[in-house]
Amino acid sequence: MKRRRRASPEPGCLRAWTAESRALANRWRAARRSGPGRAAREVRLQRRALGELVLRMQRLPPALPALPLELTVLYNSLLFTGASDSTIEGEAEGIRQGLLRVLEACGGCGQDLSTEELWQKVLQEVTVEELQAPLHQLGALQAVWWLAASRLGSTTGLFRLLSHTEDGGRLLCSNGKNELLSLLKAWRVPAEEASLPLLQSTRDLKEILCTAAAFLQGLQEMEAGNFPTAFSLLQEAAGGFCSKRVLAQIYTCLGCCTEQMGKPQTALQHLKRALQVDFQCLPALSHVAAVYHKLGETDAELQALALLYEALEKKPPAAASASPHFLIRTELLVHTPILSSLLRHRHPSEVKYLLAQRCLQDGRVADAVEHYLDLLALLQEGLQQQVPLDGSSALPRIPEVFLEAASALEQAGRHHDAITVCEEVIRRTTDLIPRMLRVEERLEQPEFPSPGAGLVGGLLSQKESLCCLAWRAAGYLHQGWVWATLGKSKEAITQFSRECLEDAVSRCVCLSVPENLPEMEVLQKIRLFSLIGRGTQFLELGKHKEALLDFQHSLQISPGDPATASYLVQALWKLDRKQEAAAYWQKFSQIPAGEDRQQEGQERPFPLYLVSCLKQATFPYRESLARSIQDYLGTANQDPSN
């Protein structure tokens, strides 16, 4: 490119600018040695002072003798611009302005070019030896901004230009090597000019760029489901240049990646390594618990969850100040949605719920009760600001938490406490249910309903009202089983009959409702268990005809249900309709045992708060009833009159 002659700044200006730049550099080194507190304050001062120096230099027309100093001061200024923000975002306009001044000093123009095109023009046409090192330094900073924006293609193109190669990188890529990483490693860092001090060396930036590029690409491959490639890139990042905090994050991602690859033990090794590097990396502990859960190792899972809850309950330590030695750091470049998802910190209420839920599922009723009561106390403090509403929370809807707590209390023998908790659900949901609920095929509901929805006042959508109807019906159902356990048959029948549960369902005028609508399935299950429960209490009171009607209705809801069929046969037997009882028994006995289980497997899993009701509805006298019927059939076959 033909150079355009321009008036150079006065030698005195150049000396003054150089002296000022050195003084700022010395001041920064002194602040860094004094500790993070002073260094943090100095960042703001340096950013302002260097920014003002750049502006003073750029007020004059660009001239080749002054450009190496100007680009170096611009480099130092942009270091502080990135360091003073929690993340690096947007375009570095200062870099573009610097490139335009280089072109102008060399007689060119590039105002209409994109940043990528501007870099291509400068690096291909500007051959002034004194500008090569400053341009490479500025190129490293451009890569920082582009990597922070996940513009990997732009970064790759830039380093092809910096390495003076168009095909070498692609050749490495075709040989199975990552092109961007290969280009970064092959890039020759220019020697620093002793008279123009850099506040963070380009060599350090190169190492940070290599680590960030491997980390970012590993995350992208994870998101795309290419886990072996992701694992290789994350391993590369783990061997790179980063803080302990970032290294722990990388090991956490490695653990998640290997878990997705079906290697849970390897995943645990990586997650434990993350905790060894930085015990404050609590998402790693959360993932450890999840892996143990999938392995079915309940003791280890509960231990991990307990440690996580204990760590979350403690006053979180003050965030460690970023190392004052490095202005640009890996963590400023890597902030993608998938990383935020993998490293999401759970709220204590979520972890407490997982502890309660796992204990209840594993039959550790006493521990479950303790955790649920702690959780209910936490919920009293208010939940809206505690957990995310994006569907990622482990916490279910609050009424379901109350119902699960009631189920745990019931199983622990704390019957009156269970009744009280159910009463709270019933009280808070009753006023939210309209007299007539019209259920359309498409029901409005938030994409991610709040865990707290359902126990607050105000107008609800139709689907929310249907949820409230199910929760209230479940509350009555649990109360009915509690009274039945206490031997209070009349009280049990009253609760089983509240809303009549047939009437509760009939309040829904269902128009073109899909049969598999989850809320309707739950309501039908509740109605089934209520009819079985009420029927058993009628049997206890000797009201066998009423019991028979309930069991017949139950079979209409769930044809072939073994518990309902057995209760129906028992009711017929007690009514001395033994021939009918035997006929039904033979009919139901012909259904293969695996067929019922196969049908159950095709249904949605039961809500946890209904699992205890399923157990209570199981027919307990199947063997003795079978013997009685077999004896009857044997006698009937021997009696010619029959």
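Below, the figures for the structure above:
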quantity: Solvent accessible area, Å² - Tyr632, 1.4 Å probe, full protein context; calculated: 70
quantity: Set Lys263/Lys352; Lys525/Lys615; Lys490/Lys578 screened for pairs whose C-alpha atoms are more than 19 Å apart; calculated: Lys263/Lys352; Lys490/Lys578
quantity: Sequence-distant lysines (8 or more away, or on other chains) whose Cα lies within less than 30 Å of Lys206; calculated: Lys121, Lys177, Lys185, Lys244, Lys272
quantity: Environment charge at Thr485 (Cβ cut-off 15 Å; Lys +1, Arg +1, Asp -1, Glu -1); calculated: +1
quantity: Table column - 3J(HN,Hα) (Hz), the stretch 547-559, Karplus curve with 6.51, -1.76, 1.60, x for Gly and Pro; calculated: 5, 4, 4, 5, 5, 5, 5, 4, 5, 5, 6, 9, x
quantity: Rounded percent of accessible protein surface that carbon and sulfur make up, the stretch 11-165, 1.4 Å probe; calculated: 50
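The values are calculated or read from the model by the stated rules, or taken from the named source; none is laboratory data. What you see is a predicted model, and the numbers here were worked out from it, not measured in a lab. No Cβ is skipped: glycine too gets one built from the backbone with ideal geometry, and neighbour counts run over all protein chains shown. Surface accessibility is based on the protein's heavy atoms, side chains included, excluding ligands, DNA and RNA. Shrake-Rupley method; radii C 1.70, N 1.55, O 1.52, S 1.80 Å.
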